[in-house]
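For reference, the structure is listed below as structure tokens.
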Amino acid sequence: MATAESTGTVVIIDDSGGGSQPLHDGLSAHWRVAESTDAAGSERYGLVGISDGANAALQHTLANPETVDVLVLVSPTAIRPCGDANGADAEMEARLPNVQCPTLVVFGLEDRSVRPEAASTYRERIPNCNVAFVYAAGHDIAADRPQALVNLVSDYLERRETFIVQNRSGVINP
Amino acid sequence: MKASYLGAMGYAHRRDFPRAWPTPPSYNDPATSVQSYQDGIEECEFAEEMGFEWVSFSEHHYSGRIATGTPAVMAAAVAERCKTVKIAMLGPLMPLNNPVRAAEELTLLDNLTNGRLVMGFLRGTPNEDQVYGVNPAEGRGRMLEGMDLILKAMTEPEPFSWEGQYYQYRTVAVWPRPVQQPFPAALVATRTDEAVRYAAEHNLGLGVSFIPVEDTGRIADKYRAWCDENGWQPQPDQMVYRGSIYLAETDALAQEWFDRQTDQGRAPGMALRSSVSQVIQATRDGQDVDYRNVFAGSASGDIVGGAPGLTFVGGPDKVFNEIKAYHDRCGMGVIDLFFQQPSLTHADVMQEIDLFGREVLPRLKEL
């Protein structure tokens with residue numbers, strides 16, 4: 001979880017129609033949440049994209065590597081979407097190695113909008129990438145497991161790839 | 001139909017145990033214990049020799065009746081002595097175990113056996129919740145999430161994080177990969193609709209234990225219907241029934257032995273104080289518990305419950321027909337049998353395996 005000292009700006013791009021509200025509310029306790037990359041100002045910022053918005057966030061990060069500090073892609077459909085004849089956006093897949101910032105890719109375990117191998121493709125191609133699966137969630141993770149998504153994204157925004165290090169106390173009776 | 005020998009590895013003097021669970025460790029003499037495990041392994045080897053096609057292991061704790069609290073350790077030892085049988089882990093108790101650790105044990109066993117592993121997922125008996133301090137109310141949820149996590153850990157090619165309801169792991173990358181792809185033969189051992197439906201939705205087999213044939217049949221009917229809804233039908237090896245057996249040369253001899261057990265009050269164990277049993281069951285069922293009303297047990301214990309009774313008792317013909325009913329009515333393709341009744345010696349069990357292998361098993365294989 002983010003600490004009280006967390007600062008900075010986060011931009012959420014959500015084309016899914018309001019599904020980002022729990023994330024917006026959860027992150028705004030510790031970050032300034034801007035409505036768009038234009039509203040973020042001149043400082044570097046964290047970028048969170050949801051569903052098709054994740055694809056836009058990925059495009060934006062590739063086009064503006066100097067401004068995006070950390071990237072979170074929630075349920076992205078940019079590559080290997082189900083129903084696509086080719087099953088992959090070859091051009092986008094080829095560009096993934098150019099993502100320079102720490103990146104977290106999040107899928108609901110029951111998301112059927114992309115092929116199962118999409119997760120490993122991001123992980124293999126983006127140089128500093130973690131993949132997370134949210135249990136008991138489909139494509140709309142914010143609706144299915146809002147608190148789990150907030151906790152996960154918030155922790156990653158704060159700690160980037162070091163979020164894998166356990167920082168919760170296990171002491172029961174000190 | 002195939003037969004499976006349940007490698008219970010019971011302590012030789014288990015007939016002397018008090019009825020209540022747990023059995024105090026003071027009842028364990030190390031020399032007797034060492035010999036008991038060697039006897040149990042010998043029984044598995046002999047079962048393989050007599051035509052059993054699986055040897056199974058089951059996680060049970062704090063008792064020498066089924067003395068395999070860490071079944072993966074036992075399975076690994078037996079797998080080195082039994083070279084052809086399937087090694088069936090039926091199984092790890094899902095609510096108790098770290099699913100990542102369970103996945104690592106299972107994939108390692110599948111490697112050590114070169115793909116002979118069968119894995120079964122169980123919730124466990126009520127007393128077992130207490131072993132690692134699991135809230136009984138969370139058992140079902142932990143089982144469902146644990147199964148998902150194990151299957152994901154076995155199939156995902158890249159490291160991943162898991163954000164669950166009961167489990168959170170930020171790095172999962174299980175080694176080794178299973179020999180059987182995408183994952184070893186698997187079944188869910190359950191009686192509840194939720195878990196039966198899970199098995200059907202995930203193309204997993206079904207295990208049912210210790211209930212009468214008609215009750216088993218109703219569960220099997222639901223399972224097959226839900227499999228059908230999901231576009232598939234289980235193979236015979238994917239439907240397993242576990243029962244308890246006493247086989248003698250004749251029905252009369254078997255009945256005589258059975259009556260003697262009853263006269264001597266040798267009911268199987270795993271029983272609890274009634275107050276504890278009530279609270280566990282109420283908590284599992286999601287009921288509020290008023291603890292002021294459950295501490296009224298007597299000092300002597302008010303022991304209730306216990307392991308289920310014998311499913312199959314008789315001579316070869318009777319036992320064959322009783323097992324056949326599970327095949328014909330329920331579609332069971334594998335019968336997993338617990339031979340080590342508390343009053344039996346190692347020599348008794350070996351005689352039973354021999355009799356079963358000669359007189360019952362050949363006929364089962366023709367089903």
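So the values come out like this:
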{"quantity": "Antiparallel bridge percentage (DSSP; both residues within chain B; nearest 5)", "calculated": "10"}
{"quantity": "The protein assembly as shown: antiparallel DSSP beta bridges as a percent of all, rounded to 5", "calculated": "10"}
{"quantity": "For residues of B:153-162, the mean tally of beta carbons on other chains within 10 Å", "calculated": "6"}
{"quantity": "Gyration tensor (alpha-carbon) shape descriptor, the protein assembly as shown, a/c threshold 1.5", "calculated": "prolate"}
{"quantity": "Inter-chain Cβ neighbour average for residues A:119-125, partner chain, 10 Å", "calculated": "3"}
{"quantity": "Alpha-carbon centroids, the range B:194-208 and the range B:77-148: separation in whole Å", "calculated": "16"}
{"quantity": "Among B:275, B:63, B:36: highest mean-square fluctuation, GNM of chain B, C-alpha pairs under 10 Å", "calculated": "B:275"}
{"quantity": "³J(HN,Hα) computed for each position of the range A:38-50 - Karplus, 6.51 cos²θ - 1.76 cosθ + 1.60, integer Hz, glycine/proline x", "calculated": "5, 7, 6, x, 8, 7, 5, 9, x, 10, 10, x, 10"}
{"quantity": "For residue A:137, residues with placed amide H under 5 Å, excluding near neighbours", "calculated": "A:109, A:110"}
{"quantity": "27 Å Cα-Cα threshold exceeded, pairs from B:83/B:222; B:152/B:324; B:2/B:83; B:2/B:318; B:2/B:152; B:83/B:152", "calculated": "B:83/B:222; B:152/B:324; B:2/B:152; B:83/B:152"}
{"quantity": "Exposed-site-free run, longest, chain A (rule: trypsin sites (Lys or Arg not before Pro); DSSP loop; at most 16 other C-beta within 10 Å)", "calculated": "A:45-111"}
{"quantity": "Under Karplus coefficients 6.51, -1.76 and 1.60, residue-wise ³J(HN,Hα) of the range B:349-359 in Hz, glycine/proline x", "calculated": "5, 4, 5, 5, 4, 4, 5, 4, x, 7, 9"}
{"quantity": "Carbon plus sulfur fraction of accessible area for the protein assembly as shown, probe 1.4 Å, in percent", "calculated": "50"}
{"quantity": "Accessible area in square angstrom per residue, the protein assembly as shown, 1.4 angstrom probe", "calculated": "43"}
{"quantity": "In Hz, Karplus ³J(HN,Hα) per residue of the range B:37-54 (6.51, -1.76, 1.60; θ = phi - 60°; x = Gly, Pro)", "calculated": "5, 5, 5, x, 5, 4, 4, 4, 4, 5, 4, 4, 4, 7, x, 5, 9, 10"}
{"quantity": "Cα gyration tensor shape of chain B, rounded if a/c is under 1.5, else prolate or oblate by comparing a/b with b/c", "calculated": "rounded"}
{"quantity": "Threshold 20 Å² - residues in the range A:152-174 whose accessible area is reduced by that much or more when the chain is no longer isolated, probe 1.4 Å", "calculated": "A:152, A:163, A:164, A:168"}
{"quantity": "Other-chain or far-sequence residues with amide H under 5 Å of residue A:13's (modelled H)", "calculated": "A:48, A:49, A:50"}
{"quantity": "Prolate/oblate/rounded call for the range B:97-152, Cα gyration tensor, a/c under 1.5 rounded", "calculated": "prolate"}
{"quantity": "Under 5 Å, built H, 5+ apart or other chain: amide partners of residue B:246", "calculated": "B:312, B:313, B:314"}
{"quantity": "Point-to-point label distance, residue B:84-residue B:171, nm (Cα→Cβ direction, 7 Å offset)", "calculated": "4.5"}
{"quantity": "Protein heavy-atom accessible area occluded, A/B pair - total, 1.4 Å probe, Å²", "calculated": "1700"}
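The values are calculated or read from the model by the stated rules, or taken from the named source; none is laboratory data. A quick note: this is a predicted structure, and the numbers were derived from the prediction, not measured. Neighbour counts are summed over all protein chains in view; Cβ atoms, including those assigned to glycine, are modelled from backbone coordinates with ideal geometry. Surface accessibility is based on the protein's heavy atoms, side chains included, excluding ligands, DNA and RNA. Shrake-Rupley method; radii C 1.70, N 1.55, O 1.52, S 1.80 Å.
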